[in-house]
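The values are calculated or read from the model by the stated rules, or taken from the named source; none is laboratory data. All values reported here derive from a predicted model rather than from experimental measurement. Virtual Cβ from ideal backbone geometry, glycine too; neighbours counted across all protein chains shown.
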Amino acid sequence: MGTGTFSIRSGAVCSLKYSLNKTDKLRLKSEFEQVREHGTRYVSGDCVLSVSGSPDGRLRCGVVCGKKFSKKSVIRNRARRLLWESFRLLKPDIAICHMVLIPRQGMKGRKQQEIQMSFQRLLKKARLTTD
């Protein structure tokens, strides 16, 4: 196997640049608070993006989805999964920062491609993409 790829069952190959590691996620309450207090907010119909500088020099992201979004955990978890997948796919093109994503009501019932395009527009608005 070559560098930068690994094999997954039956010969399918996946690139490491599209992987999502634990180190790519904001975990601590203090990290979320730092982004909320010192960051800049960008809003779209699907989600809110809060961005601040990265003290550790890494691109890291967190997703916050509370009961205000939906009482049903199935819907909240789907929103989280869609946002994490969008982040994972766009990660190679995003500048180094810490960001927090908060889904909005407009996201319910939308497909992955629509969420990803909306997230990409937010990143361009925040001038975080290398495109």
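Sort out which residues of segment 64-98 are touching a residue at least 60 places away in the same chain (Cβ under 8 Å) and hydrophobic (A, V, I, L, M, F, W, C), and write them in order of number. Trp84, Phe87, Leu89, listed by residue number. Quick check on Val74: is it farther than 19 Å from Ser19 by Cβ and in contact with a Cys (Cβ under 8 Å, 6 or more places away or on another chain)? So Val74 does not fit the description; no. Only residues that are charged (D, E, K, R) and assigned to a helix (DSSP H, G or I) were counted across segment 16-63, and they come to 8.
If you go through segment 64-81 and keep only what is in contact with a strand residue (DSSP E or B) (Cβ under 8 Å, 6 or more places away or on another chain), of a type outside the set (D, E, K, R) and part of a helix (DSSP H, G or I), you end up with just Ala79.
Cβ-Cβ distances below 9 Å connect the following pairs, each with a first residue in segment 52-63 that is among the hydroxyl-bearing types (Ser, Thr, Tyr), a second residue that is part of a loop (DSSP other than H, G, I, E, B), and a separation of six or more residues or different chains: Ser52/Gly39; Ser52/Cys97; Ser54/Ile96; Ser54/Cys97.
Within segment 28-51, count every residue that is of a type in the set (Gly, Ala, Ser) and without any contact (Cβ under 8 Å) to a residue 40 or more places away in the chain. So that I can check it myself, show each step before the final result.
Initial filter on segment 28-51 (of a type in the set (Gly, Ala, Ser)): 30, 39, 44-45, 50.
With without any contact (Cβ under 8 Å) to a residue 40 or more places away in the chain added as a condition, the list becomes 30.
Of the residues in that region, 1 qualify.
Look at (1) modelled with pLDDT under 95; (2) farther than 20 Å from Thr130 by Cβ; (3) exposed (fewer than 13 other Cβ atoms within 10 Å of the Cβ); (4) under 16 Å from the mean Cα position of the chain (by Cα) and you find that Lys111 fails only one, number (1). Can Arg81 be described as basic (Lys, Arg), closer than 28 Å to Gly109 by Cα, crowded, with 17+ Cβ neighbours inside 10 Å and at pLDDT 95 or above? Judged against the criteria, Arg81 is not a match. Out of Leu101, Leu122, one residue alone is in contact (Cβ under 8 Å) with a residue 40 or more places away in the chain, assigned to a helix (DSSP H, G or I) and of a type in the set (A, V, I, L, M, F, W, C). It is Leu122. The residue of segment 1-37 that is modelled with the highest pLDDT, among those that are touching a Phe, Trp or Tyr at 6+ places or on another chain (Cβ under 8 Å) and over 19 Å from Gly57 (Cα atoms), is Leu16.
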